[in-house]
1. Which is the longest part of the chain that has none of the chymotrypsin sites (Phe, Trp or Tyr not before Pro) sitting in a DSSP loop with at most 12 other Cβ atoms within 10 Å?
2. Can you sort Met357, Met173 by solvent-accessible area, 1.4 Å probe, largest first?
3. Over the chain, calculate the relative contact order: mean separation of alpha carbon pairs under 8 Å at least 6 apart, over the residue count, as a percent.
4. Return the distance in nm (one decimal) between the two label points of a simple spin-label model at Tyr184 and Gln92, each offset 7 Å from Cα along Cα→Cβ.
5. Pairs Lys156/Lys354; Lys69/Lys177; Lys177/Lys363; Lys86/Lys354; Lys32/Lys288; Lys69/Lys209: which are spaced more than 18 Å apart, C-alpha to C-alpha?
6. For the chain, state the average projected area of the convex hull of the C-alpha atoms over all orientations, rounded to one decimal in nm².
7. Using only alpha carbon pairs under 8 Å that are at least six residues apart, calculate the relative contact order of the range 186-229 and give it in whole percent.
8. So, with a 1.4 angstrom probe, what is the percent of accessible area on the chain that is carbon and sulfur?
Amino acid sequence: MTALSIKTLIQALKSFYPADKDFIALHEPEFKGHEWDYVKDCLDTGWVSSVGQYVTDFEKKLAELTGMKHAVAVVNGTAALHACLKILNVSQEDEVLLPSLTFVATANAVSYCNATPHFIDSEARTLGIDCEKLADYLDKIAVIDNEHCYNKHTGKRIKAIIPMHTFGHPVRMDALKAICDKYYIDIIEDAAESLGSFYQSRHTGHWGKLTAVSFNGNKIVTTGGGGAILTNDEQMARNVRHITTTAKVAHPWRFIHDQTGFNFRLPNLNAALGLAQLEQLENRIRLKRALAAAYAGLFDDIQGLSFVKEPEMAESNYWLNAILLDNPGQRDELLQETNDSGIMTRPFWDPMHKLSMYEHCPKMDLNQTEDLFSRLVNIPSSAWLGEPYA
Ligand SMILES: *Cc1c(COP(=O)(O)O)cnc(C)c1O
């Protein structure tokens, strides 16, 4: 095996990007559609806050693009995850399985419900949950009683699991669903990064009871800040809408609330921006997939690393492109050198089981998580970079 020459890699990247740019961001938002018109319309009509036609239109468009029956817009992706867990009554008595290799919001949402995050390992081929390893693990630690699954070491119920589709690459949801059916574990999909990603020809989100999406500024489309909950279950959609709008009971003038709800509703102003963005999703994915294909060709000729490609049976939105170095010892030098040369890169998130507030949580062996963390680097992925290759 030939070692990676960081100098060669940086030269290759520099010649890959437009010569007139001295800084290439990791992922930039782009506003090339009806954003100005729709936002101006909110200001002109005065409908800027939590009621308005754009919220409805945004939800409708989102349901249409994902093929899901219901979409409820909320203030951000973290709130979406929090609301999903609440709807499934996840509480202090419960553990929730999730990959250690995720953005902190996934674990935080579990903590907001006073439940315990329980960390599981990820695999190189999807960068998401390793289903075979999970099946072996549950075989050892789970006991089933009356259609409930318990962790025999802690006595707590394992109520739910949150697969996260890393950088847009789908988890093997058919395999995961079979395991969860066997153990009576509810699935909530963290699809914050996978809007526009499909697995076995169905949009990510179709396997979970509930699915959370994010429209933060760095995601594939943005509402400034925002999120949504997707579901095919009408009753759950009604419940989600209720608890995210202060649990207010419909009444012409009184304010009656029938539980402790949340003020998670997305403002009309943000939905207006989001609707214009969703109209461009298809084209953006075309550009991002072209960029990924071009990167794959570029890295074929460079020794000492591999480019992360979409999993089998999946069509990824390639939200963030990534490379895996053969030698973890070169990661920090590469991060330093690229960022110093105006090419923005970053490592994986520090795994959850290494963070002070989560280091005492239950976990399985996480050797693949630690290996992936030590070798992965995200590289510039803005959609416009794909234009010359589309
Ligand atoms: C972005 C993100 C979230 C949270 O979304 P916000 O809108 O920033 O709250 C949750 N999970 C993952 C994996 C994310 O990437």
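1. Details: sites that count: Phe23, Trp253, Phe255.
For chymotrypsin sites (Phe, Trp or Tyr not before Pro) (loop position, at most 12 other Cβ atoms within 10 Å), the longest site-free span of the chain is 24-252.
2. Ranked list, largest accessible area first: Met357, Met173.
3. 24 percent
4. Placing both labels 7 Å beyond Cα along the Cβ direction yields 2.3 nm.
5. Values: Lys156/Lys354 22 Å; Lys69/Lys177 20 Å; Lys177/Lys363 20 Å; Lys86/Lys354 26 Å; Lys32/Lys288 15 Å; Lys69/Lys209 12 Å.
Result: Lys156/Lys354; Lys69/Lys177; Lys177/Lys363; Lys86/Lys354 exceed 18 Å.
6. Numbers: hull surface 81.8 nm².
Directional mean of the projected Cα hull area for the chain stands at 20.4 nm².
7. Numbers: 76 pairs, mean separation 15.8, N = 44.
For the range 186-229, the relative contact order is 36 percent.
8. Values: 8450 of 16760 Å².
Carbon-and-sulfur percentage of accessible area, whole number: 50.
The values are calculated or read from the model by the stated rules, or taken from the named source; none is laboratory data. Computed from a prediction, not measured in an experiment: that's the story for all the values here. Here the Cβ is made from the backbone with ideal geometry for all residues, glycine too, and neighbour counts use every protein chain on show. Keep in mind that these areas ignore ligands, DNA and RNA; they rest on the heavy atoms of the full protein, side chains included. Shrake-Rupley method; radii C 1.70, N 1.55, O 1.52, S 1.80 Å.
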